[in-house]
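Comments concern the structure below.
The values are calculated or read from the model by the stated rules, or taken from the named source; none is laboratory data. Note that the coordinates shown come from a computational prediction; the quantities given were computed from them, not determined experimentally. Please note: Cβ atoms are built from the backbone with ideal geometry, for glycine as well, and neighbour counts cover all protein chains shown. Just the protein is used for accessible areas: all its heavy atoms, side chains included, with ligands, DNA and RNA removed. Shrake-Rupley method; radii C 1.70, N 1.55, O 1.52, S 1.80 Å.
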Amino acid sequence: MHGETLAPKKMVQKTIIEPFRIKSVEPFRLSSESERSAFLKAADYNPFLLSSDQVMIDLLTDSGTSAMSANQWAGIINGDEAYAGSRSWLKMQAVVKDLTGFEFILPTHQGRAAERIIYGLVGGKGKTFISNTHFDTTRANIEFSGAEAIDIPIENATDPSWIHPFKGNLNTEKLEKIILEKGAGNVGAVILTVTNNSGGGQPVSMANTREVSRICRKHGVLFMLDCCRVAENAYFIHLREEGYSGKTYKEIAQEMFSLTDGAVMSAKKDALVNMGGFLALKDKDIANECKSLLIITEGFTTYGGLSGRDMEAIAIGLEEVFDADYLTYRMKSTAYLGDHLNKMGVPLMLPIGGHAVYIDAKQFYPHIPVDQYPGQALACELYVKGGIRSVEIGSVMFGKYDSMGKLIPASMELVRLAIPRRVYTQSHMEYVIETFEILLEDRKNVRGMKITEEPKFLRHFTAKFEKLDQV
Ligand SMILES: *Cc1c(COP(=O)(O)O)cnc(C)c1O
């Protein structure tokens, strides 16, 4: 024995387990590749136009697709449906006030309703909005008001392989220049999107938020936080930014809100619900004007287009999302998918973001030119080969045309695999990884796409496509 211990080495498990048991299941049908080819053709090669019954693993979005907890479902039954002064509203209001620190909270049916109200009010012709990256509905609401929306992510943020701990940061040098150039009075708002969804699900640091705040305050410009994923952003700050490892995720989020003048939230993300949103504001006069607009189109100030039960579930979800076990599992499972794809040689947006893995379709299909939409081609292949639905975030979503009708492409051609919260297990992720092995083998044979029909705004939702005949 020689004094050595025979006790087995203490094992520290590496598997990231889901910190919940499954109480209720939703079966989906396992379709064949030939069935899916026919489904996709009938949907004009736009995965948005598929019915969800035709999809096996739906990674189209993490928006409104969360699984609610037993507590939230209990809250649904407890919801108070009073038209005015609903108990569920008071509960939601208290939770949002505590989190954001803002005095004026307006419930809305989802994020874009809050955006339309506030950006419609402070926007209009001649106004400029500046953001690390405007989310698509944010940009659409701003442009619809007649204003312009300028994205200023930090330098290199659009290089998918460039590694930076806070790649979602806003370029503060450019910010000050643009404010001076446009005149502070013409700037509708500066909007910091956390995490930066369209820019790759990348986090924004507290230091960057502080600097944006300083510049906005110096020039008297409204500073709004698009806080859809503020808990996920807080996880990255806790992990990566000096001075924050001792703070709770909620404290980090609270500090971030304290640097801003207001927030817009789609509760369909980090509030862990299927529908809802809010607008939170510091300024009473702006809030009062927004309340009038809310009543005209959304509903009375104590429900704003939401059922009492929705507000009850939001109040509970906004607290659950800051749970350390949940947030760790959430972020590690996204990284699990991303790290595996990265190791296999799938070109990705790096580092891996919070709610999604973004594939660089331009590199995945280098033979498909950008005006043949390599991202759309990849999203279609993923569906046909694996029954996996994803979304193109590239020139279909953000491309424009010049006066000659030639495409001005987006800065990146990405395909997003967004992970619904608490919905899929690790074996579902294994299946997605395996599907990519098949896609990698066949990549040279995949053809580009052309648009055959498109609407004027948010064309990616309803545009129709055809496959081109030749590579
Ligand atoms: C989802 C989202 C929105 C819009 O919210 P909806 O609830 O879909 O209207 C705005 N900004 C960001 C960053 C989002 O992710």
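Observations on the structure shown:
- For the range 385-428, the extents of the C-alpha atoms along the principal axes are 48, 22, 12 Å, listed from largest to smallest.
- Of all accessible heavy-atom area on the chain, the percent that carbon and sulfur account for (1.4 Å): 52 percent
- Scattering from the range 164-314 was approximated by placing one identical point on each alpha carbon and applying the Debye formula without solvent; log10 I(q)/I(0) at 0.10 1/Å stands at -0.39.
- Rounded to whole Hz, the Karplus (6.51, -1.76, 1.60) HN-Hα couplings of the range 310-321, x for glycine and proline: 4, 5, 4, 5, 5, 4, 6, x, 5, 8, 4, 5
- Residue-averaged 222 nm ellipticity for the chain, from DSSP H runs of 4+ at -39500 (n - 2.57), nearest 500: -12000 deg cm²/dmol
- For the range 452-463, 3J(HN,Hα) per residue [Karplus equation, 6.51 cos²θ - 1.76 cosθ + 1.60, θ = phi - 60°, Hz, x = Gly/Pro]: 9, 8, 7, x, 7, 10, 6, 5, 4, 5, 10, 4
- Charges were assigned to the Cβ only: +1 to each Lys and Arg, -1 to each Asp and Glu. The resulting dipole of the chain about its Cα centre is roughly 200 debye.
- Largest-first principal axis extents, alpha carbons of the range 1-158, Å: 83, 50, 46
- List 97, 343, ordered by accessible area with a 1.4 Å probe, largest first: 343, 97
- When the C-alpha to C-alpha distance is required to be over 18 Å, the pairs from 41/362; 41/450; 182/291; 182/406; 400/450; 125/400 that qualify are 41/362; 182/291; 182/406; 125/400.
- Near residue 18: Cβ cut-off under 12 Å, other residues only, Lys/Arg at +1 and Asp/Glu at -1. The net charge is +4.
- Around the Cα centre of the range 24-103, unit charges on the Cβ atoms of Lys, Arg, Asp and Glu (plus for the first two, minus for the last two) sum to a dipole of about 100 debye.
- Exposure rank, largest accessible area first [80, 159; 1.4 Å]: 159, 80
- Of 146, 243, 206, farthest towards positive along the dipole that unit charges on Lys, Arg, Asp, Glu beta carbons give the range 109-246: 146
- DSSP-loop GluC sites (Glu not before Pro) across the range 82-162, with at most 13 other Cβ within 10 angstrom: 103, 155
- Linear extension gain, residue 177 paired with residue 402, 0.36 nm per residue minus alpha-carbon span: 78.4 nm
- Unit charges at the beta carbon, dipole of the range 240-355: most positive-side option, 278, 346, 333: 346
- Listed residues 124, 396, 228: farthest to the positive end of the dipole of the chain (Cβ charges): 124
- Rolling a 1.4 Å probe over the protein chains gives residue 251 an accessible area of about 80 Å².
- Evaluated on the chain, the Kirkwood hydrodynamic radius is 23.1 Å, with distances taken between all distinct Cα atoms.
- Contact order for the chain, expressed relative to its length and based on alpha carbon pairs under 8 Å spaced 6+ residues apart, stands at 22 percent.
- Cβ-placed point charges (K, R +1; D, E -1), dipole of the range 70-320 about Cα centre in debye, nearest 20: 260 debye
- Per-residue SASA entry for residue 210, accessible area with 1.4 Å probe, Å² rounded to 10: 110 Å²
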